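Below is one structure; the comments refer to it alone.
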Amino acid sequence: MSSGLTKAEQLAESKTRVREAFIIFEHKEGSKLVDAKELPTIVRSLGINPTTAQVQALQQRIAAALAPPPATPPAAAAAAANGPAPEAAPPATPPAAVAAASPPAFLALEQCKGLIAAWLLESKDALQRDDYHTLLRAFKALDPDNTGYIEADTLEQLLGSCEDALSPEELNNMLSVSADDQGRVLYQEFALRLATDGRPI
């Protein structure tokens, strides 16, 4: 995040960047909706490299924030209208656990931009960041002939076998915008896309 800004200004800047990313990944042009499955790709398009666990934490936060409030049973509503009832004995068995909120199929920009922007600010010190030269050295190690590219299939296998591997869907999304029509990834451009190099979170 840019230095010298107040927290409110940083949050506003993050919201702007989230809005721009949402527009790129819109489910339908002008809808301001994105497929919830695109969230990891959207987050990574902001120039950061979160772990799968960090992305899952964000997904859970969004699902919880967007979940409808639990319905009030009619008996409880009637009791509330009639005033407090005598204290009842505790139940013999513990109540059933509340099911975790299910994530929505589509995410709306106006509902999510504040949640994602706040998460970016709160998590900026924990988010993994790789600079351009670190990434470039890693890719060059996979290119002994110095061709300037890596086969997309090779990159997919490597990324899929990492300890914190991307899901097959995330890999497909990433490679679909990175590989050329011959199935090659020009890694200088790819590294620049992945790197932060001090760009604001």
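Worth pointing out:
- For GLU170, the criteria (1) modelled with pLDDT under 75; (2) of a type in the set (Asp, Glu); (3) more than 20 Å from the chain's Cα centre (by Cα) hold in every case but one, which is (3).
Okay, residues lined up against (1) within 16 Å of GLU170 (Cα to Cα); (2) at pLDDT 90 or above; (3) hydroxyl-bearing (Ser, Thr, Tyr); (4) under 24 Å from the mean Cα position of the chain (by Cα):
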{"site": "THR51", "(1), (2), (3), (4)": "yes, no, yes, yes"}
{"site": "VAL55", "(1), (2), (3), (4)": "yes, no, no, yes"}
{"site": "PRO74", "(1), (2), (3), (4)": "no, no, no, no"}
{"site": "ALA78", "(1), (2), (3), (4)": "no, no, no, no"}
{"site": "GLU87", "(1), (2), (3), (4)": "no, no, no, no"}
{"site": "PRO103", "(1), (2), (3), (4)": "no, no, no, yes"}
{"site": "GLY114", "(1), (2), (3), (4)": "no, yes, no, yes"}
{"site": "SER123", "(1), (2), (3), (4)": "no, no, yes, yes"}
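- For beta carbons closer than 6 Å, sequence separation of 6+ or different chains, a first residue in segment 114-125 that is closer than 12 Å to LEU46 by Cα and a second that is charged (D, E, K, R) and assigned to a helix (DSSP H, G or I), the qualifying pairs are ALA117/LYS15.
- Scope segment 2-18; condition surrounded by fewer than 16 Cβ atoms within 10 Å (Cβ to Cβ) and either of a type outside the set (Val, Ile, Thr) or not in a helix (DSSP H, G or I) (or both); matching residues: SER2, SER3, GLY4, LEU5, THR6, LYS7, ALA8, GLU9, ALA12
- Complete set of residues in segment 28-43 that are among the polar types (S, T, N, Q) and buried (at least 19 other Cβ atoms within 10 Å of the Cβ): THR41
- Pairs, first closer than 13 Å to THR154 by Cα in segment 180-191, second assigned to a helix (DSSP H, G or I) and among the aromatic types (Phe, Trp, Tyr), C-beta under 6 Å, six or more apart: TYR187/PHE139
The values are calculated or read from the model by the stated rules, or taken from the named source; none is laboratory data. Remember, predicted model here, so these are calculated numbers, not experimental data. Virtual Cβ from ideal backbone geometry, glycine too; neighbours counted across all protein chains shown.
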